[in-house]
Amino acid sequence: MKVAFLLLLASAAAAAVAYAAPRKPWVEMDITLPSGETPRVLVREDEGALVRLTSGIRFGFVPSIRQGPAPLHVVVAIWDVDTEPNNRLGEVEAVVGGDRVQSKTSPSFGLRVTRVIRK
């Protein structure tokens, strides 16, 4: 009974810490695919957005906010998620609200970070 109470107490403490942890900001991006389509995605920083090409191959896009003086920059890692293990193809760095940046990956993607939402 004492062990069950301690586990319950530990679970409550862990939940309180998780609740108090600051949430990561959202990153909104336009991703121009090789077909010319441009889906808009909204994803938390350091989490991935999946996009499927017409060929069926899936790619992941993981944004990370670069800290520093304005203007705000976001580095977006591009992953081939259909390989085992997943293969990092490269990355692009974009200014928030700036022009589209073309990746040097194969296939190539255009990325534009439209905004960062911190709430």
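Per the conditions (1) part of a strand (DSSP E or B); (2) exposed (fewer than 14 other Cβ atoms within 10 Å of the Cβ), the sole criterion not satisfied by Ser106 is (1).
Restricting to the stretch 59-112, give me the number of residues that are polar (S, T, N, Q) and under 14 Å from the mean Cα position of the chain (by Cα). I'd like the intermediate steps shown before the answer.
The initial filter retains those residues of the stretch 59-112 that are polar (S, T, N, Q), namely 64, 67, 83, 86-87, 102-103, 105-106, 108.
Filter again for under 14 Å from the mean Cα position of the chain (by Cα), leaving 64.
Looking only at that region, the number is 1.
Looking across the stretch 30-40, the residues that are in contact (Cβ under 8 Å) with a residue 12 or more places away in the chain and of a type in the set (D, E, K, R) come down to Asp30, Arg40.
Looking across the stretch 86-102, just one residue is under 20 Å from Gly56 (Cα atoms) and buried (at least 18 other Cβ atoms within 10 Å of the Cβ), and that is Leu89. Within the stretch 69-103, restricting attention to residues that are in a loop (DSSP other than H, G, I, E, B) and β-branched (Val, Ile, Thr), the residue that is nearest to Arg40 (Cα to Cα) is Val96.
For (1) among the hydroxyl-bearing types (Ser, Thr, Tyr); (2) farther than 21 Å from Arg115 by Cβ; (3) in contact with a helix residue (DSSP H, G or I) (Cβ under 8 Å, 6 or more places away or on another chain), each residue gets a yes or a no:
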| site | (1), (2), (3) |
| --- | --- |
| Thr32 | yes, no, no |
| Ser35 | yes, yes, no |
| Asp46 | no, no, no |
| Ala49 | no, no, no |
| Val62 | no, no, no |
| Glu84 | no, yes, no |
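When Val62, Val27, Val43 are checked against the criterion of being farther than 20 Å from Thr105 by Cα, free of Cβ contacts under 8 Å to residues at least 24 places away in the same chain, buried (at least 17 other Cβ atoms within 10 Å of the Cβ) and not hydroxyl-bearing (Ser, Thr, Tyr), a single residue qualifies: Val43.
In the stretch 81-102, the residues that are on the phi > 0 side of the Ramachandran plot reach residues that are of a type in the set (Val, Ile, Thr) and crowded, with 16+ Cβ neighbours inside 10 Å with C-beta atoms within less than 8 angstrom, at least six apart or across chains, in these pairs: Gly90/Ile78; Gly90/Thr105; Gly97/Val113.
Rundown of residues vs (1) of a type in the set (Val, Ile, Thr); (2) modelled with pLDDT of 95 or more; (3) under 16 Å from Ser64 (Cβ atoms); (4) touching a Ser or Thr at 6+ places or on another chain (Cβ under 8 Å), yes/no style:
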site	(1), (2), (3), (4)
Trp79	no, yes, yes, no
Glu84	no, no, no, no
Leu89	no, yes, yes, yes
Val92	yes, yes, yes, yes
Asp99	no, yes, no, no
Gln102	no, yes, no, yes
Leu111	no, yes, yes, yes
Lys119	no, no, no, no
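Select from the stretch 46-59 the residues that are touching a residue at least 40 places away in the same chain (Cβ under 8 Å) and buried (at least 16 other Cβ atoms within 10 Å of the Cβ) and list them in ascending order.
Looking only at the stretch 46-59, we keep the residues that are touching a residue at least 40 places away in the same chain (Cβ under 8 Å), and these are 53, 59.
Across the stretch 46-59, the qualifying residue is only Phe59.
The values are calculated or read from the model by the stated rules, or taken from the named source; none is laboratory data. Everything quoted here is computed from the prediction, not taken from an experiment. Heads up, the Cβs are rebuilt from the backbone with ideal geometry, glycines too, and the neighbour counts pull from every protein chain shown.
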